[in-house]
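The values are calculated or read from the model by the stated rules, or taken from the named source; none is laboratory data. Predicted, not measured: the structure shown is a model, and the values here were computed from it. All Cβ positions, even for glycine, are placed from backbone atoms using ideal geometry, and neighbour counts span all protein chains on display. Surface areas here come from the heavy atoms of the whole protein model, side chains and all, with no ligands, DNA or RNA. Shrake-Rupley method; radii C 1.70, N 1.55, O 1.52, S 1.80 Å.
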Amino acid sequence: VGAYVGSRLSATVPPAVLLASFSVDEMLRPFRERAGKPNPPNLRKPIDFWDTDLPGSSAGRFLMGAGNTLRWQDHPELRRRMDQIVDGIAECRSPNGYIMAYPEDTIFYNERGAYTRSWLTHGLIEAGYAGNPKAFPLLRGYYDWFDNCPYLPELLRRAGQGVQGMIPNTRLYFTPVGRPEDLQVIQRYFQENYWLKQLAGREDRAVWRYPYDHPHNYLLTSLEPYLDQYRATGEKRYLDASLGGWELYHDKWEHVGGTIAICEGDTYPPKSYYLHRHTGELCGSVFWARFNQRFHLLYPDQEKYVGEIEKSIYNAGLANQAGAKGIRYHANLVGRKDAWAAINSCCEGQGTRLLGSLPEYIYSTTRDGVYVNLFAASSIRWRLGEHS
């Protein structure tokens, strides 16, 4: 399958949540502070951790949700705010191309160098695909800096959950502004050959005993880029490791409903499937859906991959909505649903990303046909040669 396409199915939840949560000025505040520019008075106090430790992630959250949504439906106010955020980031751009909301020399603090960088990269990619003309050039300028920055030798280990730092580079490579250097940085500074072998060998320790950081559903964000490396290079060891990682998560760390049964801060042995611990994060289901989407494009006749996407959407993404108020963190299998939140949490960001991109999971196309992956009320306009 050469590409995925979406229907005209509308997604109303992301615009409502995004427009009701944070103002444009609140999302641009850390970028202006880093650039020494003034902010309007009387802004809401930054939210502890999500804003203070991960500055710029709120803008990434908005751009992920807005950019994906605007690919499928027209929403003037959502587009206006998306463009305002991109314009604000551009106004704070440093002469060397640097655009992150945190100062360069704080890249190792908490998860800034991986999580926050990933979010803003995802967000600007989605804004670029939604038609903003500045988004891709901003990213190219930043990664010209990043791909040669002095922090690279330590980013995998010193940045919190540094393996998250792989996915922004491999995603960027497949955009209109991608360059080979974006992949080469991952191969040189992030690739773990011992881990590739463990994953290919289906060794349980590759997941729950990952030695250098928090074993977590976020390890999926380092399986995604290895599969990207295979797509880019055709080197089989990347595919072998990705297939091994898929089997490990599917067979030993996936709840019956499809959510991911491992998270940081505790111990999760194979097939533990704890019901009353910190599992079933919505963000893990989003990463799982994206990982499976890549496999579907490689193996379109294997139903299991779109089956996993379907579980992620229906049992986690849709279940964790709270109308226009916010998004829930966990998809609990027992007890009550989580309370909704609007604090720029990881699951709010990835939740709006998933909900905004729902149409693209319904259909995918190839040179000689179209695949219907999900049975949903929808329509598609598609051309095969001279026929549509």
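Miscellaneous remarks
- LEU196 closer than 20 Å to GLN293 by Cβ, hydrophobic (A, V, I, L, M, F, W, C) and within 22 Å of the chain's Cα centre (by Cα): no
- Tallying residues that are of a type in the set (Ser, Thr, Tyr) and open to solvent by 40 Å² or more (accessible area, probe 1.4 Å) within the range 351-376 yields 2.
- If the condition is being assigned to a loop (DSSP other than H, G, I, E, B) and among the charged types (D, E, K, R), then the range 89-106 contributes only ARG93.
- Within the range 170-195, residues that are touching a residue at least 60 places away in the same chain (Cβ under 8 Å) sit with their Cβ atoms under 6 Å from residues that are assigned to a helix (DSSP H, G or I) and charged (D, E, K, R), at 6+ positions apart or across chains, in these pairs: THR170/ASP228.
- Residue check for PRO211: loosely packed, with under 15 Cβ neighbours inside 10 Å, assigned to a helix (DSSP H, G or I), of a type outside the set (D, E, K, R) and in contact with a helix residue (DSSP H, G or I) (Cβ under 9 Å, 6 or more places away or on another chain): no
- Within the range 90-101, considering residues that are within 10 Å of ARG32 (Cα to Cα) and of a type outside the set (Gly, Ala, Ser), the one least open to solvent (accessible area, probe 1.4 Å): CYS92
- Annotation note: of LEU227, LEU243, the sole residue that is in contact (Cβ under 8 Å) with a residue 60 or more places away in the chain, surrounded by 17 or more Cβ atoms within 10 Å (Cβ to Cβ) and more than 20 Å from GLU281 (Cβ to Cβ) is LEU227.
- For ALA135, the test of being open to solvent by less than 10 Å² (accessible area, probe 1.4 Å), among the aliphatic types (A, V, I, L, M) and either in contact with a Lys or Arg (Cβ under 9 Å, 6 or more places away or on another chain) or under 29 Å from HIS214 (Cβ atoms) (or both) is failed.
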